[in-house]
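Contents: one structure, followed by commentary.
The values are calculated or read from the model by the stated rules, or taken from the named source; none is laboratory data. Model, not experiment: these values are computed from the prediction. Here the Cβ positions follow ideal geometry from the backbone for every residue, glycine too, while neighbour counts run over all protein chains shown. To get the accessible areas, we keep the full protein, side chains included, count just its heavy atoms, and leave off ligands, DNA and RNA. Shrake-Rupley method; radii C 1.70, N 1.55, O 1.52, S 1.80 Å.
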Amino acid sequence: MTIRKATIDDAHFIALVVVEALGDDIMLRNGDGICEHDKRRLALLADSITQDGTLYCWRNCIIAEDESGQPLAALVAYPGEGYKEMRERTFSLLSELITFDVESMDAETKAGEYYLDSIAVLPRARGCGIARSLLLHGIGVARKIGLPAVLACEPENFRAKTLYESIGFRQEGEMFIFGHHYLRMVAQ
């Protein structure tokens, strides 16, 4: 496995990662073919990923790939400066997909933080340490620029929480995002 910076050509894969990270098992369905609704959702998201100034922009991503160059996983991460503007731009591009009250949503990050926004690994590659490698890479970037790494964790996702804690994340509060409560976790 190698880790590389994403390119604009990775937009569709990054869209799968973002949808999966939001709690949808789209990666499992993707192998068997996905419905038209999912195709439309992925196409809209992939289009936003190709645009600068969005939360999930390909420039904010790293990809883990196998020896043949096939993507296995991705991490979307960025400094918190400009988060509100990026969120506004992203949500305006994805307005037809939004099913939650944007006004009640907390800010996921802020200036002075490096936010690990979305991470997911293809089902066939899970349990091999890829997520750990990507997260450690993200923490390394945060440390290099002198910022704490921050992420959101679903309270019921004990496996993810255990992984995050094993690499230095600690819970520091909660946040309400995408219509759900999440643990706010920080690694210094």
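Listed residues 28, 22, 72, 97; which is at pLDDT below 85 and closer than 25 Å to residue 187 by Cα?
Result of the check over 28, 22, 72, 97: 22.
One line per residue, one yes/no per condition, for (1) of a type outside the set (A, V, I, L, M, F, W, C); (2) modelled with pLDDT of 95 or more:
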position	(1), (2)
132	yes, yes
135	no, yes
141	no, yes
175	no, yes
178	no, no
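Mind checking which residues of region 69-93 are part of a loop (DSSP other than H, G, I, E, B) and farther than 16 Å from residue 9 by Cα? If you could, list the steps in order and put the result at the bottom.
To start, the set of residues in region 69-93 that are part of a loop (DSSP other than H, G, I, E, B) comprises 69-70, 80-82.
Within region 69-93, 80, 81, 82 meet the criteria.
Return the total of residues in region 133-147 being open to solvent by 80 Å² or more (accessible area, probe 1.4 Å), part of a helix (DSSP H, G or I) and within 11 Å of residue 79 (Cβ to Cβ).
Just the residues of region 133-147 that are open to solvent by 80 Å² or more (accessible area, probe 1.4 Å), to begin with: 136, 143-145.
Still in the list and also part of a helix (DSSP H, G or I): 136, 143-144.
Restricting the remaining residues to those that are within 11 Å of residue 79 (Cβ to Cβ) gives none.
Within region 133-147, residues that are open to solvent by 80 Å² or more (accessible area, probe 1.4 Å), part of a helix (DSSP H, G or I) and within 11 Å of residue 79 (Cβ to Cβ) number 0.
I need the full set of residues from region 40-78 which are of a type in the set (Ser, Thr, Tyr) and in contact with a Phe, Trp or Tyr (Cβ under 7 Å, 6 or more places away or on another chain), in order please. I'd like the intermediate steps shown before the answer.
Here is the first cut: in region 40-78, the residues of a type in the set (Ser, Thr, Tyr) are 48, 50, 54, 56, 68, 78.
The answer is 48, 50, 78.
Of the residues 172, 96, 156, 165, only one is within 23 Å of residue 54 (Cβ to Cβ) and among the charged types (D, E, K, R); which?
Details: 172 fails: within 23 Å of residue 54 (Cβ to Cβ); 156 fails: within 23 Å of residue 54 (Cβ to Cβ); 165 fails: within 23 Å of residue 54 (Cβ to Cβ).
Just one listed residue meets the conditions, 96.
Can you name every residue in region 162-181 that is open to solvent by 20 Å² or more (accessible area, probe 1.4 Å) and within 15 Å of residue 108 (Cα to Cα)?
If the condition is that a residue be open to solvent by 20 Å² or more (accessible area, probe 1.4 Å) and within 15 Å of residue 108 (Cα to Cα), then 171, 172, 173, 174, 176, 178, 179, 180, 181 are the ones that fit.
Taking into account only those residues within region 103-122 that are part of a loop (DSSP other than H, G, I, E, B) and more than 29 Å from residue 1 (Cβ to Cβ), which is least open to solvent (accessible area, probe 1.4 Å)? Quick ask: steps written out before the conclusion?
From region 103-122, those part of a loop (DSSP other than H, G, I, E, B) are 105-113, 122; that's our starting set.
After this cut, where a residue has to be more than 29 Å from residue 1 (Cβ to Cβ) as well, the list is 105-107, 110-112.
On the way: 105: 15, 106: 64, 107: 46, 110: 118, 111: 65, 112: 33 Å².
Looking at the filtered set, the residue picked out is 105.
Would you be able to tell me the number of residues in region 51-65 that are surrounded by 15 or more Cβ atoms within 10 Å (Cβ to Cβ), assigned to a loop (DSSP other than H, G, I, E, B) and out of contact with any Asp or Glu (no Cβ under 9 Å at 6 or more places or on another chain)?
Counting residues in region 51-65 that are surrounded by 15 or more Cβ atoms within 10 Å (Cβ to Cβ), assigned to a loop (DSSP other than H, G, I, E, B) and out of contact with any Asp or Glu (no Cβ under 9 Å at 6 or more places or on another chain) gives 3.
Which numbered condition in (1) open to solvent by less than 60 Å² (accessible area, probe 1.4 Å); (2) within 30 Å of residue 125 (Cα to Cα) is the only one that residue 100 fails?
The one condition residue 100 does not meet is (2).
Residues in region 91-115 that are touching a residue at least 24 places away in the same chain (Cβ under 8 Å), of a type in the set (Phe, Trp, Tyr) and within 21 Å of residue 181 (Cβ to Cβ): how many?
Looking only at region 91-115, we keep the residues that are touching a residue at least 24 places away in the same chain (Cβ under 8 Å), and these are 93-94, 96-97, 99-101, 104-115.
Next, from what is left, pick out any that are of a type in the set (Phe, Trp, Tyr): 100, 114-115.
After this cut, where a residue has to be within 21 Å of residue 181 (Cβ to Cβ) as well, the list is 100, 115.
Total meeting the criteria: 2.
Can you tell me how many residues within region 150-163 are under 14 Å from the mean Cα position of the chain (by Cα) and without any contact (Cβ under 8 Å) to a residue 60 or more places away in the chain? I'd like the intermediate steps shown before the answer.
So in region 150-163, the residues under 14 Å from the mean Cα position of the chain (by Cα) come out as 150-154, 160.
Now drop any that are not without any contact (Cβ under 8 Å) to a residue 60 or more places away in the chain, which leaves 151-153, 160.
Summing the residues that are under 14 Å from the mean Cα position of the chain (by Cα) and without any contact (Cβ under 8 Å) to a residue 60 or more places away in the chain in region 150-163 gives 4.
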